[in-house]
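Asks: The structure under discussion is supplied below as structure tokens; questions concerning it will follow.
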Amino acid sequence: MNDKIVKEHQFRHPISKIWNAITLEEEISTWFIPADFKAEQGYKYTFKHEAEDQCTTINGEILKVNPTTELVYTWVVEGTDIVTTVSWKLEENETGTFLILEHSGISNFPGESAVAMFNSFSGGWDRCITDLDKHLTAINV
């Protein structure tokens, strides 16, 4: 099983706008999941997603912050003890900003749940990038 999800996307937005969207609690809570989040190494964050009949909480710790270029944090789905890692890397270029998002450590989930989590996370990150792009376009108007 592949242990790492990699998503790449070229945004037409400046790196500072994308950095703010992925690191500022008020922005993350607008386009992604309501968050208690600070882009400070060692900060223990919480994402809390409430859907019709369920609540999913993600907890983790900020591992690395290189302002405007790199953000790395652990990702633990509440109710499990499986630690995975999410990494955002941003590179400014002539047309905007190139994003490389990686989510690794998914094979740490036991048995078939690793495959289910991989598929769930992969689809979730696709939606996340789409929603981020929509958010950035809306605030760019």
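The values are calculated or read from the model by the stated rules, or taken from the named source; none is laboratory data. Just so you know, these numbers come straight off a predicted model, no measurement behind them. We place every Cβ from the backbone using ideal geometry, glycine too, and count neighbours over all the protein chains shown.
To keep it simple, each residue is scored yes or no on (1) among the hydroxyl-bearing types (Ser, Thr, Tyr); (2) closer than 18 Å to residue 126 by Cα.
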site	(1), (2)
8	no, yes
22	no, yes
25	no, no
37	no, no
41	no, no
65	no, no
73	yes, no
96	no, no
100	no, yes
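Asks: Okay, next question. Do we have residue 42 as assigned to a loop (DSSP other than H, G, I, E, B) and either at pLDDT 95 or above or closer than 23 Å to residue 2 by Cβ (or both) here?
Replies: yes
Asks: Could I ask something else about it? Could you tell me which numbered condition residue 101 fails, if it satisfies all but one of (1) of a type in the set (A, V, I, L, M); (2) in a loop (DSSP other than H, G, I, E, B); (3) touching a residue at least 40 places away in the same chain (Cβ under 8 Å)?
Replies: Failing condition for residue 101: (2).
Asks: Taking residue 91 and the conditions (1) within 16 Å of the chain's Cα centre (by Cα); (2) within 18 Å of residue 12 (Cα to Cα); (3) surrounded by fewer than 16 Cβ atoms within 10 Å (Cβ to Cβ); (4) of a type outside the set (Val, Ile, Thr), which numbered condition does it fall short on, given that it satisfies the others?
Replies: (1)
Asks: For segment 46-58, indicate whether the set of residues that are at pLDDT 95 or above, assigned to a strand (DSSP E or B) and basic (Lys, Arg) is non-empty.
Replies: No: segment 46-58 contains no residue that is at pLDDT 95 or above, assigned to a strand (DSSP E or B) and basic (Lys, Arg).
Asks: Scan segment 94-138 residue by residue and report those that are surrounded by 14 or more Cβ atoms within 10 Å (Cβ to Cβ) and aliphatic (A, V, I, L, M).
Replies: Across segment 94-138, the qualifying residues are 99, 100, 101, 106, 114, 115, 117, 129, 132, 136.
Asks: Just checking, which of 38, 17, 48 is touching a Cys at 6+ places or on another chain (Cβ under 8 Å) and surrounded by 14 or more Cβ atoms within 10 Å (Cβ to Cβ)?
Replies: After ruling out the rest, the residue left standing is 48.
Asks: Need pairs with beta-carbon distance below 7 Å; first residue acidic (Asp, Glu) and within segment 11-34, second surrounded by 15 or more Cβ atoms within 10 Å (Cβ to Cβ) and assigned to a helix (DSSP H, G or I); sequence gap 6+ or separate chains.
Replies: 27/20; 27/21
Asks: Please specify each residue of segment 67-81 satisfying the condition of being surrounded by 13 or more Cβ atoms within 10 Å (Cβ to Cβ) and either in contact with a Pro (Cβ under 6 Å, 6 or more places away or on another chain) or modelled with pLDDT of 95 or more (or both).
Replies: Hits for segment 67-81 are 68, 69, 70, 71, 72, 73, 74, 75, 76.
Asks: Evaluate segment 109-123: report whether one residue or more is over 16 Å from residue 18 (Cβ atoms), part of a loop (DSSP other than H, G, I, E, B) and of a type outside the set (S, T, N, Q).
Replies: Yes.
Asks: So residue 27 ticks every box in (1) of a type in the set (Asp, Glu); (2) part of a helix (DSSP H, G or I); (3) touching a Ser or Thr at 6+ places or on another chain (Cβ under 7 Å) but one. Which box is left unticked?
Replies: Failing condition for residue 27: (3).
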